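Asker: To start, I am sharing the structure in question, which I have written as structure tokens.
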Amino acid sequence: MSEELLLKSMEELFEQAPCGFLLTRPDGAIIRVNQTLLSWIGHDRDELLAGLRFQDLLTMPGRIYYENQYFPLLRLQGFVKGVAFDLARGDREPLPVLIDAIQRTGDDGQRALTAITIVDATDRRAYEQELLRSRRSAEQLVAVLAEASDAVFTTTPAGEIETWNAGAGRLFGRAAREIVGTHLREILCLGEDDAAWQQIMVELRAGRPIHREMTGTHASGHRVDLSVGLTPRLGLLGELLGVSAIIRDISERRETERLQQEFLAMATHELRNPLAGIKGNAQLMRRRAAYSERAVDAIVAQANQLDRLIEDLLLASQIEADRLELMPEKIDLVAEVLAAADALGVAEALVCVEAPSVPVQVMADRQRLGQVFANLLTNAVKYSGAHGGEIVVRVDRAGDEAHVSFVDQGAGIPPEILPRIFDRFYRAPGAAGRAPGLGLGLYISHRIVEAHGGRITVESEVGAGSTFTVVLPLRGSSLR
Ligand code: ADP
């Protein structure tokens, strides 16, 4: 083979290599460049050789990196390997590259040349970015899982728990080490029920996900209502590799449903009672074909009772929909308490109103506040029952607040139910047999007083009686 052919081939190899080659002086001035690099950056050879330096080919951040890191390192060790740069390409997107550089020394021992190899890193950079994106989204998913209130498990094909999130620990009240190796079947309270578990496994093995409402057990022993989603993870041949479970605590929803059903039964009963009274009294008059004052009074009283129940239902739904509208005016609290007692027909002898000699006035919606007083008075009478006793209403000022306390000597309220009495539809166990009501009075009263910028407090002792106090701002009330 001739020397000439060899040289020509080497020249071609240099020019057309799949990477860029550059020879520069130690200060970066370009002395040789191959065709591959020229085509990448879109410069012509003469332009490059007319005094441009390697660092002039870089983007601005690349040049800063060159001065501060790359060049000092190259001088120090005589070479650099795999440094990532972007080559500037005029109007086109910069080209991501990886650079190897090595310095050559001349006969005099001085550094004379730098040989630079440049590899196109577009694919690698895209791959790295893709990896980074996947890692970020995986991290986000992990964070979502970690913070989720739902319990998330993965299990072996047999149903043994392999991984779980913090929500699982919270929902079932178990520490991580107690969950390892636990069987999903135990978590779902199917330990004893082999048939039910087998049925679930048949579905999962067939690749069908399952959504069911079930019960589970908390470590403390109490039952939890659960919405369970089980998804099979299948292999290429359709074999079951494992199960992913997402489990949500629906105890609160169940409780609401139970309360709603109870409420429907209770409302039907409470609305029927006065209706039956009205019907009975009207039939009595028809049978006797005579007007009876007593029957008419009873009809009016029952109709009023119906009216109050329906009014309470309407108000509760307005409050729920945040549509409670108030029409504030100046109100004398003592006069309002007396008016409420009068409208209710509570015997004067039963209620004693104590108040300072100067009137206590607030800005309030007369009708709504009247309802609050009527509710608290009715309760004081209703729940006094056999204990009886006088009801004292105390009107007073305390700083910039007005206090209206309803003190009864009734049955009192057990401390364990005290936190619930202001809940919607809540009635104490046994209240249904003792007194009519929908469990709405205190809920409505509390919300009305709150809308006036005030609060209701309660103190109670079983067997001794209860005191409900309405606290309202005297001035500058924050009326909604
Ligand atoms: P309702 O009277 O229709 O049951 P409320 O919301 O007015 O509804 O009251 C909720 C519960 O609070 C009642 O069922 C009762 O058990 C208790 N309660 C309210 N006021 C008194 C009171 N003055 N004395 C004893 N218990 C009371």
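Asker: Need a quick list: helices (runs of 4 or more DSSP H) entirely within the range 113-219 having at least 2 residues that are out of contact with any His (no Cβ under 6 Å at 6 or more places or on another chain) and buried (at least 16 other Cβ atoms within 10 Å of the Cβ).
Answerer: Result: 122-147, 166-172, 184-187, 194-205.
Asker: Quick one: Phe406 ticks every box in (1) in contact with a Ser or Thr (Cβ under 8 Å, 6 or more places away or on another chain); (2) in a loop (DSSP other than H, G, I, E, B); (3) modelled with pLDDT of 90 or more except a single one, so which number is it?
Answerer: With (1) in contact with a Ser or Thr (Cβ under 8 Å, 6 or more places away or on another chain); (2) in a loop (DSSP other than H, G, I, E, B); (3) modelled with pLDDT of 90 or more applied to Phe406, the lone miss is (2).
Asker: Test of understanding: among Ala290, Ala295, which residue is farther than 21 Å from Gln367 by Cα, of a type in the set (A, V, I, L, M) and outside any helix (DSSP H, G or I)?
Answerer: When all the criteria are applied, what remains is Ala290.
Asker: Among the candidates Val395, Val407, Val381, single out the residue that is away from the ligand (no atom under 11 Å from the Cβ) and surrounded by 18 or more Cβ atoms within 10 Å (Cβ to Cβ).
Answerer: It is Val395.
Asker: Look through Glu255, Glu270, Glu336 and report the one residue that is loosely packed, with under 13 Cβ neighbours inside 10 Å and charged (D, E, K, R). It would help to see each step written out before you state the result.
Answerer: On the way: Glu270 fails: loosely packed, with under 13 Cβ neighbours inside 10 Å; Glu336 fails: loosely packed, with under 13 Cβ neighbours inside 10 Å.
Testing whether each residue is loosely packed, with under 13 Cβ neighbours inside 10 Å and charged (D, E, K, R) leaves just Glu255.
Asker: Then there's this: Write out, first by first residue and then by second, each pair whose Cβ atoms fall under 6 Å of each other, whose residues are 6+ apart or on separate chains, and whose first residue, in the range 370-398, is under 16 Å from Gly345 (Cβ atoms) and modelled with pLDDT of 90 or more while the second is of a type in the set (D, E, K, R) and within 11 Å of the ligand (Cβ to nearest atom).
Answerer: Pairs that qualify, where the first residue is under 16 Å from Gly345 (Cβ atoms) and modelled with pLDDT of 90 or more and the partner is of a type in the set (D, E, K, R) and within 11 Å of the ligand (Cβ to nearest atom), are Ala380/Asp408; Ile391/Asp408.
Asker: Moving on. Suppose the filter is within 22 Å of Pro26 (Cβ to Cβ), touching a residue at least 40 places away in the same chain (Cβ under 8 Å) and touching a helix residue (DSSP H, G or I) at 6+ places or on another chain (Cβ under 7 Å); does Leu58 pass it?
Answerer: Against the criterion (within 22 Å of Pro26 (Cβ to Cβ), touching a residue at least 40 places away in the same chain (Cβ under 8 Å) and touching a helix residue (DSSP H, G or I) at 6+ places or on another chain (Cβ under 7 Å)), Leu58 does not qualify.
Asker: Conditions first: (1) free of Cβ contacts under 8 Å to residues at least 40 places away in the same chain; (2) touching a Leu at 6+ places or on another chain (Cβ under 7 Å); (3) within 23 Å of Val144 (Cα to Cα). Trp164 passes all but one, so which condition is the exception?
Answerer: Of the numbered conditions (1) free of Cβ contacts under 8 Å to residues at least 40 places away in the same chain; (2) touching a Leu at 6+ places or on another chain (Cβ under 7 Å); (3) within 23 Å of Val144 (Cα to Cα), the odd one out for Trp164 is (2).
Asker: Ok, one more. Taking Ala464 and the conditions (1) near the ligand (Cβ under 8 Å from one of its atoms); (2) surrounded by fewer than 20 Cβ atoms within 10 Å (Cβ to Cβ), which numbered condition does it fall short on, given that it satisfies the others?
Answerer: (1)
Asker: Tally time: how many residues in the range 351-378 are out of contact with any Leu (no Cβ under 9 Å at 6 or more places or on another chain), β-branched (Val, Ile, Thr) and buried (at least 17 other Cβ atoms within 10 Å of the Cβ)?
Answerer: Looking only at that region, the number is 1.
Asker: Of these, Arg133, Arg124, which one is closer than 30 Å to Gly28 by Cα and under 46 Å from the mean Cα position of the chain (by Cα)?
Answerer: Arg124
Asker: Among the residues of the range 416-431 satisfying the criterion of being touching a residue at least 24 places away in the same chain (Cβ under 8 Å) and more than 8 Å from the ligand (Cβ to nearest atom), which is surrounded by the most Cβ atoms within 10 Å (Cβ to Cβ)?
Answerer: Among residues in the range 416-431 that are touching a residue at least 24 places away in the same chain (Cβ under 8 Å) and more than 8 Å from the ligand (Cβ to nearest atom), the one surrounded by the most Cβ atoms within 10 Å (Cβ to Cβ) is Arg424.
Asker: Go through the range 433-449 and give me each residue that's buried (at least 20 other Cβ atoms within 10 Å of the Cβ), more than 7 Å from the ligand (Cβ to nearest atom) and either β-branched (Val, Ile, Thr) or more than 10 Å from Val372 (Cα to Cα) (or both).
Answerer: Scanning the range 433-449 gives Ile444, Ile448, Val449.
Asker: Select, from Leu338, Leu314, Leu309, the only residue that is out of contact with any Gly (no Cβ under 8 Å at 6 or more places or on another chain), touching a residue at least 60 places away in the same chain (Cβ under 8 Å) and assigned to a helix (DSSP H, G or I).
Answerer: Numbers: Leu338 fails: touching a residue at least 60 places away in the same chain (Cβ under 8 Å); Leu314 fails: touching a residue at least 60 places away in the same chain (Cβ under 8 Å).
Only one candidate qualifies: Leu309.
Asker: In the range 181-213, how many residues are aliphatic (A, V, I, L, M) and under 21 Å from Thr163 (Cβ atoms)?
Answerer: So the first thing to find is which residues in the range 181-213 are aliphatic (A, V, I, L, M), and the list is 184, 187-188, 190, 195-196, 200-202, 204, 206, 210.
Those left that are additionally under 21 Å from Thr163 (Cβ atoms): 184, 187-188, 190, 200-201, 204, 210.
Final tally of qualifying residues: 8.
Asker: Here's something else I'd like to know. Return the residues of the range 139-157 that are of a type in the set (Gly, Ala, Ser) and touching a helix residue (DSSP H, G or I) at 6+ places or on another chain (Cβ under 9 Å); say none if nothing qualifies.
Answerer: If the condition is that a residue be of a type in the set (Gly, Ala, Ser) and touching a helix residue (DSSP H, G or I) at 6+ places or on another chain (Cβ under 9 Å), then Ala146, Ala148, Ser149, Ala151 are the ones that fit.
The values are calculated or read from the model by the stated rules, or taken from the named source; none is laboratory data. Everything numeric in this text was worked out from a predicted model, so none of it was measured. Don't worry about glycine lacking a Cβ; one is built from the backbone with ideal geometry, like all the others, and counts go over all protein chains shown.
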